[in-house]
Each structure stands twice: as structure tokens, then as C-alpha cells.
Amino acid sequence: MPTSFSICLWHHNAKEMAAYYQGIFKDFKQISENPMASVFELNGMRMMCLNNAVPNQSFNEKISFVLTVDTQEEIDYYWKHFSKEGKEGQCGWIEDKYGVSWQVVPSILGKLMTNPQTAPKATYAFMQMTKFDIAKLEEAVK
């Protein structure tokens, strides 16, 4: 049985990519670094950036990381950093400057989506959004 697994991200400069995430995530923890790879943790999840010798490989939204946060301030914080050089999408999806897809989602969404009374209203509301707006979600389900 495996004891753990790591997310592996390929880029032409692993150290640069790790430094980018270090500048965004306050809980960033560098585990190791060498000329070929940088290993770190975000929210306790181990990630490894490897230098990529194969050109023209890119990330896509088929794989994304979900950041579940409690406040609008947290949503705004991550959105500001990822959108600086990234690309905004619908329903809380955003690509960072490397093309890695993230979903910045308020924790209240789980509660709203599991309630048959609020799920349709919440869904309609967030389908109109790029960045999640907690106040608008709460207003939509009243």
C-alpha cells in the first residue's frame, strides 16, 4: 500500500513555479529543492514541481485544485493573486499564470447544494458568476 502521494506539476522552471505558490499560500512549506525538482506542501498537501524537458505540454482544466474557503476576503485574496497573470473562468474557476486550474469555492456552497430547497437557487446564482460572491449566494437562496 502506498503511504502517501504527491501532486506532480511539470514546468520549465520548477524553482520559479514553487516560488510563485510560496508568494500566494501563507501555509507554504518547502520540503526539498534540487536542480530538477522543488517539493513543498500547501494546506498539508504535498506537491512537486519538476523541470520539464518536453516542450509544448500544458495544463488544462480537466484537473483542478479546489480551494474551499470560509470568507469573501479569502475568495478575493486568491482571486486577486491568480487573476493577476491568469485567466478567469465561470463559477469560481480560474487558471493561474502557469495554466493550473483552481476552483475558489466558499464553504457555504456545500450546505446550499445539499439542501433541495436552496440548491436550484444557489446553482442559478453561481452560474452567473465568475468569482464567487457569498453575499449574492445568500441573497439568492432567501
Dipole magnitude of the range 1-55, debye to nearest 20 (Cβ charges: Lys/Arg +1, Asp/Glu -1, about Cα centre)
40
I'd like the antiparallel share, as a percent to the nearest 5, of DSSP beta bridges with both residues in the chain.
60
Positive end of the charge dipole of the chain (Lys, Arg +1 and Asp, Glu -1 on Cβ, about the Cα centre): tell me which of ILE108, ALA19, SER83 has its Cα farthest that way.
ILE108
At 222 nm, what value in deg cm²/dmol follows for the chain if DSSP H runs of at least 4 each add -39500 (n - 2.57) and the sum is divided by all its residues, to the nearest 500?
-9000 deg cm²/dmol
Of LYS80/LYS131; LYS111/LYS142; LYS29/LYS87; LYS87/LYS111; LYS84/LYS131, which pairs sit farther than 18 Å apart, going by alpha carbon to alpha carbon?
LYS29/LYS87; LYS87/LYS111
Net charge contributed by nearby residues that have their C-beta within less than 11 Å of ASP76 (K/R +1, D/E -1)
-1
Please report, in debye to the nearest 20, how large the charge dipole of the range 76-115 is about its Cα centre when each Lys and Arg carries +1 at its beta carbon and each Asp and Glu carries -1 there.
80
Taking R0 as 35 Å, what's the FRET efficiency between SER107 and LYS84 from their Cβ-Cβ distance, rounded to 0.05?
0.90
Calculated FRET value between ASP70 and GLU41, using beta carbons and R₀ = 22 Å, to 0.05
0.60
Base-10 log of normalised Debye intensity for the chain (one unit scatterer per alpha-carbon) at q = 0.11, 0.15, 0.18, 0.20 Å⁻¹
-0.47, -0.80, -1.04, -1.18
Computed about the Cα centre, the charge dipole of the chain from +1 Lys/Arg and -1 Asp/Glu charges at the Cβ has a magnitude in debye, to the nearest 20, of 200
Multiply the residue gap between CYS91 and ASN56 by 0.36 nm, knock off their C-alpha separation, and tell me the result in nm, one decimal place.
9.8 nm
Listed residues THR71, ILE134, THR118: farthest to the positive end of the dipole of the range 58-142 (Cβ charges)
THR118
Sort 38-48, 80-90 by the packing proxy (mean of other Cβ within 10 Å over each peptide's residues), most packed first.
38-48, 80-90
So for the chain, averaging the separation of alpha carbon pairs under 8 Å that are six or more residues apart and normalising by length, what relative contact order in percent results?
18
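Readers should treat all values here as calculations from the given coordinates under stated rules, not as data from a laboratory. Just so it is clear, the structure is predicted and the values come from calculations on it, not from any experiment. In this analysis, Cβ positions are derived from the backbone assuming ideal geometry, glycine residues included, and neighbour counts consider all displayed protein chains.
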